[in-house]
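Below you'll find the structure, written out as structure tokens, and then a few comments.
Bear in mind that the values in this text are calculations on the coordinates, not laboratory data. These figures come from a predicted structure and were not determined experimentally. Backbone-built Cβ (ideal geometry, glycine too); neighbour counts: all protein chains shown.
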Amino acid sequence: MTQRVVLAYSGGLDTSVAIGWIAEQTGAEVIALAVDVGQGGEDLEAIRQRALACGAAAAEVADVRAEYAARFCVPALKANALYMDRYPLVSALSRPLIVNHLARVAREHGADMVAHGCTGKGNDQVRFEVGLAAVAPGVSVMAPVRDSGMTRDKAIRFAEEKGLPIDVSSRSPYSIDQNLWGRAVETGFLEDIWNAPIEEVYEYTSDPAVPRGPDELVLTFAEGIPVAIDGRELAPLDLITELNTRAGAQGVGRLDMVEDRLVGIKSREIYEAPAAIALITAHQELENVCVERDLARFKRQAEQRWTELVYDGLWFSPLKRALDVFIDDASRYVTGDVRLKLHGGRAVVTGRRSPVSLYDYKLATYDTGDTFDQSMAKGFVELWGLPSKIAALRDTAARG
Ligand code: ARG
């Protein structure tokens, strides 16, 4: 018999109702855990108090923003992680960290069950449950919204009947998930994929079409990790926070895309990820300067695989772990500065410099001082084309 259940608690309607719902269905004590991954909004203490008011036996908050920045956002940056070449994994990235803390709190309270408020149609149920199976294989999972008939209407009725302290009328028409790495908005009128997003769906970014002056900054990286803005050293959390503000003010990082979910559905998503897009843009360019050609080519394939694994809920998989080792090694010389101009919704690289650059001015220049021996090119080109030339001759001969 389950005695205690740890619930991933957001403070919203669904998870507030889930507290009483789970207690009724299982007879267990519900321990609510609210995790701060930089989603902003309500004060965590207010959320904690609401959990208790909704009947939680205990309620905890965990401010994991610094951990999220350093151990989740930074690795995603080193992997230039963009699912379908666009989406910087905002939600996919936060779930494994929330899983770690659910498992910790379950251990601390001797709970053998964890609950989440995901529906059965999204990726997040997969990320929670597959992640949990990896870090706490003995803990089982309950998903009331998906598995025990807790629909939205029933949730509202339940909240009203029990007099739960949640404002059921102020619900947004959108399904929103946000954290330090960005913000995802879906449902409502956005489900008609011909409908253009309206300005009110955005929160992290200002309208890029509004005329304003550009913002230029220099980002410093050390071994692939962003460490300073304009020479000011900053921890990842502070650096990402500042970039969200500055790039967001220029409308950088808005995305409108149809996405392939793991569960087989194509869905329309609006994202805004100002810091993530600015950082990935700068980081990719520094790699262009510092990473050897074949390593860079191979890394792009590894990055794509890394990104798909994380998107698909496999953060804790052996392949993802091995790819991390590869990416760390490939990042060894990704050190230097990138100058970025943020303007009109775009982050544009305008300069790069590195003490370990592979860009050799003397090899590249067409001016005097050129050290590249062009006489070597003639033989190189000939040998490079030799296999296809021989094959082409054979093809002609065979055709007769
Ligand atoms: N489709 C995105 C993903 O799977 C975002 C999901 C966000 N969740 C939400 N409730 N809006 O990573």
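Per-residue ellipticity at 222 nm, computed for the chain from helices alone with -39500 (n - 2.57) per DSSP H run of at least four residues, works out to -13500 deg cm²/dmol. With everything on Cα atoms, drop me the angle between helix 90-109 and the longest principal axis of the chain, reported from 0 to 90° to the nearest 10. The angle comes out near 50 degrees.
Counted over the chain, the DSSP beta bridges are approximately 70% antiparallel. Report, ordered by chain and residue number, the lysines lying within cross-link reach of K266, taken as a straight Cα distance under 21 Å and ignoring same-chain residues fewer than 8 apart. Partners within reach: K121. Relative to one another, the C-alpha centroids of region 36-59 and region 309-323 are positioned 30 Å apart. Please give me the summed charge of the neighbours of S388: other residues whose Cβ is under 13 Å from its Cβ, Lys and Arg +1, Asp and Glu -1. With Lys, Arg at +1 and Asp, Glu at -1, the neighbours total 0.
Residues Y333, Y359, Y311, Y174 in ascending order of nearby Cβ atoms (within 10 Å, fewest first): Y359, Y174, Y333, Y311. Tell me, which longest segment in the chain has none of the trypsin sites (Lys or Arg not before Pro) that fall in DSSP loops with at most 14 further Cβ atoms within 10 Å? Of all site-free stretches, the longest is 213-331.
Pairs with C-alpha atoms separated by more than 32 Å, drawn from the list K341/K362; K320/K378; K320/K362, are K320/K378; K320/K362. Based on the reciprocal of the average 1/r between different C-alpha atoms, the Kirkwood radius for region 317-400 equals 18.5 Å.
Normalised by the number of residues in the chain, the average gap of Cα pairs under 8 Å and 6 or more apart makes the relative contact order 17 percent.
Cross-link partners of K154 among lysines, defined as those whose alpha carbon lies under 17 angstrom from its own and excluding same-chain residues fewer than eight positions apart: K162. Only aspartates and glutamates eight or more places from K78 in sequence, or on another chain, were considered; those with a Cα closer than 14 Å are E223, E285, E287, E303, D324, D328, D329. Exposure proxy for E292, E269: other Cβ atoms within 10 Å of each Cβ, ordered fewest to most, give E292, E269.
Overall shape of region 276-369 was characterised from the C-alpha gyration tensor. The equivalent ellipsoid obtained from it has semi-axes of 29, 18, 10 Å, in decreasing order. The H on the amide N of V141, modeled in the peptide plane, is under 5 Å from the matching H of V114, each at least 5 residues off or on a different chain.
Need one word for region 89-247: rounded, prolate or oblate. Basis is the Cα gyration tensor (sqrt eigenvalues a ≥ b ≥ c); a/c below 1.5 gives rounded, then a/b vs b/c decides. Judged from the Cα gyration tensor, region 89-247 comes out oblate (a/c at least 1.5, b/c at or above a/b). By the beta-carbon count within 10 Å of each Cβ, the least crowded to most crowded order of S16, S267, fewest first, is S267, S16. Compute the distance from the alpha-carbon center of region 174-223 to that of region 120-138, in whole Å. For region 174-223 versus region 120-138, the Cα centre distance is 27 Å.
An oblate overall shape is assigned to region 179-275, the ratio a/c of its alpha-carbon gyration tensor axes (a ≥ b ≥ c) being 1.5 or greater and a/b not exceeding b/c.
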